[in-house]
1. Among the numbered conditions (1) under 30 Å from residue 269 (Cα atoms); (2) small (Gly, Ala, Ser); (3) modelled with pLDDT of 95 or more, tell me where residue 121 comes up short.
2. Could you say which residue among 207, 212, 272 is basic (Lys, Arg), exposed (fewer than 14 other Cβ atoms within 10 Å of the Cβ) and either closer than 23 Å to residue 140 by Cβ or touching a helix residue (DSSP H, G or I) at 6+ places or on another chain (Cβ under 7 Å) (or both)?
3. Could you tell me whether region 264-276 includes any residue that is under 24 Å from residue 23 (Cα atoms) and at pLDDT 90 or above?
4. Here is a list: 48, 8. Which entry is surrounded by 12 or more Cβ atoms within 10 Å (Cβ to Cβ) and of a type outside the set (D, E, K, R)?
5. Checking the condition within 22 Å of the chain's Cα centre (by Cα) and closer than 21 Å to residue 199 by Cα, which residue from 264, 243, 249, 231 passes?
6. Tell me, yes or no, whether region 244-251 has at least one residue that is hydrophobic (A, V, I, L, M, F, W, C), surrounded by fewer than 15 Cβ atoms within 10 Å (Cβ to Cβ) and closer than 29 Å to residue 122 by Cβ.
7. Take region 14-27 and flag every residue that is β-branched (Val, Ile, Thr) and surrounded by fewer than 16 Cβ atoms within 10 Å (Cβ to Cβ).
Amino acid sequence: MIVPKESVTEPLDPDWKKSPINVPSPGTIASYRKGQFHCHEQQAEWHVHLDNHDPKVHPYLHLIDDAPLLLMIGDTVVTLIAGTRKKSGEETEILEGQNQSWKEQVLVGILLMLVGVFIIANPLVMFKGIVNLLVPLAIIGLGIITSWQGIASSPTRVLPGGLLYRGLGIIIAGIIAFYLPLGLWVIFILGILALWMVASAFILLFRAEKGRAAIPEGFTSRVIIAILSLVLGVLILFNPKGVLQLLMVIVGIIAFLLGLMLLVNATRLRSRMERK
């Protein structure tokens, strides 16, 4: 349902909570959730839909049914392409400090584009670097943050709740992750993705059997996503290396498009500043 902002006279009630993680959609400024209701705020209107599962109550069912992996990938690519094509008239007003902002966007954009090209050219090398270095470091970082939250600074003491010890456990897990063999990482990651895609396929096809009314978010698109998810899930069993390369190439394309979007937006911002 699309609701024009001009027709909404009251602010969102306190039960609506801002959602930090969502399937990307073009033009979305912010996203809010209230149970199964999901609202995307755009420039001039609200886009509201009803999810099949509340992510707070059923997070796994929400991922499987409302946010299948291929939908997230497809919408991310579409959103990034839309971001590069956005007209200058849709941009926000020039603010102080944007002279530095456009330069930072250029640097980050070029860096992301180079990273994207490297991933596309060397998908397996990049995967190995991610799981052998970045993932363990990320786990250790999460452990440090968790441990820090379990300590009070004034006076220095361990807070109840076990966050300190939980954080130490996460740090140890991160250290162990440095020594895990690459094959184990491949089995773990592809196993999760295969379960995600196959589960999404079966749930979507089960709903499709009930007719178009059972899939109001788009019958044809969801059936296509279900079939492709099932095919990829099965391919993981027979050609895991090929699927892994494909997924890493997709990650590279997304990184490249994100960098391109930043570069294009920085160029537009610079042009607008010159006209001021």
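The values are calculated or read from the model by the stated rules, or taken from the named source; none is laboratory data. All values derive from a computational prediction rather than experimental measurement. Quick reminder, even Gly has a Cβ in these numbers, built from the backbone with ideal geometry, and neighbours come from all protein chains shown.
1. The number of the failed condition is (1).
2. Working: 207 fails: exposed (fewer than 14 other Cβ atoms within 10 Å of the Cβ); 272 fails: exposed (fewer than 14 other Cβ atoms within 10 Å of the Cβ).
Answer to the check: 212.
3. First pass over region 264-276, keeping only residues under 24 Å from residue 23 (Cα atoms): 264-265.
Add one more test, that the residue is at pLDDT 90 or above, and what stays is none.
No, region 264-276 contains no residue that is under 24 Å from residue 23 (Cα atoms) and at pLDDT 90 or above.
4. Numbers: 8 fails: surrounded by 12 or more Cβ atoms within 10 Å (Cβ to Cβ).
Sole residue among the options that is surrounded by 12 or more Cβ atoms within 10 Å (Cβ to Cβ) and of a type outside the set (D, E, K, R): 48.
5. Details: 264 fails: closer than 21 Å to residue 199 by Cα; 249 fails: closer than 21 Å to residue 199 by Cα; 231 fails: within 22 Å of the chain's Cα centre (by Cα).
None of the other options fit; the residue is 243.
6. Looking only at region 244-251, we keep the residues that are hydrophobic (A, V, I, L, M, F, W, C), and these are 244, 246-251.
From the residues that got through so far, the ones that are surrounded by fewer than 15 Cβ atoms within 10 Å (Cβ to Cβ) too are 246.
Filter once more, keeping what is closer than 29 Å to residue 122 by Cβ: 246.
Yes - at least one qualifying residue is present in region 244-251.
7. 21
Yes/no matrix, rows are residues, columns are (1) among the aliphatic types (A, V, I, L, M); (2) surrounded by fewer than 17 Cβ atoms within 10 Å (Cβ to Cβ); (3) farther than 22 Å from residue 214 by Cβ:
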{"site": "29", "(1), (2), (3)": "yes, yes, yes"}
{"site": "32", "(1), (2), (3)": "no, no, yes"}
{"site": "40", "(1), (2), (3)": "no, no, yes"}
{"site": "53", "(1), (2), (3)": "no, no, no"}
{"site": "56", "(1), (2), (3)": "no, yes, yes"}
{"site": "61", "(1), (2), (3)": "yes, yes, no"}
{"site": "69", "(1), (2), (3)": "yes, no, no"}
